[in-house]
Amino acid sequence: MLYQLYETQRSLMEPFSDLALAAAKLYSNPLSVVGQSPFAQRLSAGYDLMHRLGKDYEKPEFGIRTVDVDGVDIAIHERIEISKPFCELRRFKRFTDDPVTLQKIKGQPVVLVVAPLSGHYATLLRDTVKTMLKDHKVYITDWKNARVVPLSEGEFHLDDYVNYVQEFIRHLQGKYGNCHVMSVCQPTVPVLAAVSLMASRGETTPLTTTMMGGPIDARKSPTAVNNLAMNKSLHWFENNVIYRVPSNFPGSGRRVYPGFLQHTGFVAMNPDHHAKSHYDYFKDLMKGDDASAEAHRKFYNEYNAVLDMDADYYLETIRVVFQEFALVNGTWDVQNEDGKLERVKPADIKTTAMLSVEGELDDISGSGQTRAVHDICSGVPKSLQQHFEAKGAGHYGIFSGRRWRDLVYPEVKAFIRAHNGAVAAPLSAPVKAAAKTAPKPATKTASAPAKTAPAATKKVASKRVVSAK
């Protein structure tokens, strides 16, 4: 009922939001009569803010058209490699007509970026992808809004997430020999499970896994997000945040955790910050500071675009990750695509190098939660383990923005290159679990941006376009 009431309210507000936008444009037009009035700029700013507070935010596009590789602009073609009921494996294929650049990017590492399914779309990692494209072949998991997935496609469980990741890894291994995997926030847990199950079966595992700001062990330095999940019963979540999709969507009748409730929770975590941000936007519009106003729009176009999550997946994540701590306790059984239960044993991983990344000021995944991956992956040699803490970085700062580009990315890039060796042959039999005591990984921290060389002069493309496989 709540979901239907929300949709009814949104539909009623939509024409008023459109009207506010029209009024904002009218008052900001110096050629119109009302645009020449003394309070025109203030009225325009007010109507613009009203429009943005009342509008519906659709899924943004990645919008990555080109990237700069050593002074050469290379074109990016975005395409769907694999389409699953709840997710698309999206590839960012690079094209260039510069022979030197083409030869360079052909041999670069292949990286699967596993985006979080925790409220926002995968486009939240736009800056992550754009930066990675300079030195890597990049694929990303683009999760679908559960309200557009028909009931005929069945339910989506945490086990399905793990199976999707394994399928995507195998696809890239079949295409390139092997790959690297990067997981950001929520997917650190299912990605580790996927790699663990592959190792236990004797399959070839990825060359590296980079775990960034995720709740591997949510018991360590619990945050407000962790406390909510730990202190409320699963019954409470099912009764208070799970609703059925209204009839005006393809997924009508599906049980979901609605995006609008998640967005309310995001804002409630720091309401003063958001109120100040909107007020600053209003002042920027009045001052005519177009650059600052556009930066605000870009951020909130992404932040306010949320998706529904299938109820089974959401509730199972709460139970497995934040209440039972099944991964670190060694009690997590995952149902594979054949319907068989398999125990997740991270200690079976032997050859995959592991990098954990944490932000010093992360208020979503507390200090030590991601680093815990090294304790439970005791079969990985010390030489293949590394931890990095980004000084001054919050949760979003470790994968987006200046600190991501200047502090975190150089470490990720160097780690992937250091372990981009020959592809190991699949093991003939599952590996037995290693000893419980894991060697401590090497730790690196950063507090200042790394120095970068000046960009090279742009080269002009004039020949036929060739793509890098």
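The values are calculated or read from the model by the stated rules, or taken from the named source; none is laboratory data. Everything numeric in this text was worked out from a predicted model, so none of it was measured. Note that each Cβ is placed from the backbone with ideal geometry, even for glycine, and that neighbours are counted across all protein chains shown.
Taken together, L102, L124, L151, L192 contain a single residue that is buried (at least 22 other Cβ atoms within 10 Å of the Cβ) and touching a residue at least 40 places away in the same chain (Cβ under 8 Å), which is L192. When segment 169-185 is filtered for residues that are outside any helix (DSSP H, G or I) and more than 20 Å from the chain's Cα centre (by Cα), the ones remaining, listed by number, are G177, N178.
Please tell me if V138 is part of a helix (DSSP H, G or I), buried (at least 21 other Cβ atoms within 10 Å of the Cβ) and in the same structural domain as G213 (by TED's automatic domain parsing). The answer is no for V138.
Hey, does segment 22-40 have a residue that's closer than 30 Å to Y257 by Cα and charged (D, E, K, R)?
Taking segment 22-40 first, the residues closer than 30 Å to Y257 by Cα are none.
No, segment 22-40 has no match at all.
Are any of the residues in segment 362-381 in contact with a Gly (Cβ under 8 Å, 6 or more places away or on another chain), among the basic types (K, R) and either crowded, with 17+ Cβ neighbours inside 10 Å or closer than 17 Å to T210 by Cα (or both)? No. From the list D312, D375, D338, D363, the one residue that fits, being assigned to a loop (DSSP other than H, G, I, E, B), touching a residue at least 60 places away in the same chain (Cβ under 8 Å) and either touching a strand residue (DSSP E or B) at 6+ places or on another chain (Cβ under 6 Å) or of a type outside the set (A, V, I, L, M, F, W, C) (or both), is D363. In segment 308-322, the condition of being at pLDDT 95 or above, buried (at least 17 other Cβ atoms within 10 Å of the Cβ) and polar (S, T, N, Q) is met by at least one residue.
Cβ-Cβ contacts under 6 Å between residues 6 or more apart (or on different chains), taken from a first residue in segment 392-409 that is assigned by TED's automatic domain parsing to the domain that holds G213 and outside any loop (DSSP other than H, G, I, E, B) to a second residue that is at pLDDT 95 or above and among the polar types (S, T, N, Q), are listed as R405/T131; Y409/T131.
If you check K104, K59 for being closer than 30 Å to L12 by Cβ and either in the same structural domain as D280 (by TED's automatic domain parsing) or of a type in the set (D, E, K, R) (or both), only one passes: K59.
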